[in-house]
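The values are calculated or read from the model by the stated rules, or taken from the named source; none is laboratory data. Nothing here was measured: the structure is a model prediction, and the numbers come from that model. Using ideal geometry, Cβ is built from the backbone for each residue, glycine included, and neighbour counts are taken over all protein chains shown.
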């Protein structure tokens, strides 16, 4: 059987842009430029002969066809990821590489983020670093550090009142690309960090 399908790159660009309703945020997630995402979206629309987006001055809206297409394409990518990990576990397509500074390590559980089983589905590796440029260059997916900033174009989630710091005035910072801040990996990591903050470790 011969399958007549759009390119994988154009489908990835559509799926990310449609989730975020933003070419810029999709570009941040995929590590390319917003212009590249826009061009891939146009390429997909041309190959299908269907408009998927309404391009507005301050954002995007999905057309009826785009709304119909998005959940099915998202499911396809989820299935591809699970199928790939089933035969090649080392791919770890759904897991993050985390950077963590030495100061943060002193107030988190020993061996964090490998301190238990809770983050195993979400974390691939961890490295000691304070370098936010590793996030920008996609060498790591997120960075956990004690204090610091500002971080410019990167997203920041502050975990306030961190135990173990003087007067709880220094806060844990979770830094990542804007397109990843609401994904399930980030949410799981943040929930784990918040749990330890609230419990006083």
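Here are the numbers:
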| quantity | calculated |
| --- | --- |
| Enumeration of residues in the range 1-53 that are over 22 Å from residue 153 (Cα atoms) and in contact with a strand residue (DSSP E or B) (Cβ under 8 Å, 6 or more places away or on another chain) | 41, 45, 52, 53 |
| Meets criteria (assigned by TED's automatic domain parsing to the domain that holds residue 29 and touching a strand residue (DSSP E or B) at 6+ places or on another chain (Cβ under 6 Å)) for residue 60 | yes |
| Subset of the range 10-35 that is surrounded by fewer than 16 Cβ atoms within 10 Å (Cβ to Cβ) and in a helix (DSSP H, G or I) - its residue that is farthest from the chain's Cα centre (by Cα) | 35 |
